[in-house]
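Novice: Quick one: the structure is below, and I'll ask about it shortly.
What follows draws every value from the coordinates through simple rules; no lab data is involved. This structure is a prediction, so every number in the text was calculated from the model and none was measured. A quick note on method: Cβ atoms are made from the backbone with ideal geometry, for glycine too, and the neighbour counts reach across all protein chains shown.
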Amino acid sequence: MVKNKAKTKGPYAIPASANRMKVTQAKAGAEALRIQKQEVTPELIRLREIEAQREAVGKWNGILPNVTGGTIPIKNNTNKEQYQ
């Protein structure tokens, strides 16, 4: 049985080492996602929500849209008692 080798002829030749590097990177990425999936906690989810809100506020030009879909684009879910 002949192994499927990388293209080595023609204008679109891809070295075998490049394919091995892509496979290694893909495996490393999959492993990182697997580890992240195991470590998802409610606190981490809340942190990501806060980060997303901060990014949205950072990009905001200070002008509210003229038309909304019935919701406010930036919401504040903080507990007000927390700050008193």
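Novice: To the nearest 0.05, how large is the calculated FRET efficiency for Leu47 and Thr24 if R₀ is 25 Å and r is the Cβ-Cβ distance?
Specialist: 0.25
Novice: So which aspartates and glutamates pass the test for Lys27, namely a Cα distance under 20 Å, with those fewer than 8 places away in the same chain ruled out?
Specialist: By straight Cα distance, Lys27 reaches Glu39.
Novice: Using Cα positions and a limit of under 15 Å, work out the aspartates and glutamates in reach of Lys22, with same-chain residues fewer than 8 apart set aside.
Specialist: Glu31
Novice: Sticking with this one: How large is the Kirkwood hydrodynamic radius of segment 15-59, counting all unique pairs of alpha carbons, in Å?
Specialist: Computed over segment 15-59, the radius equals 13.0 Å.
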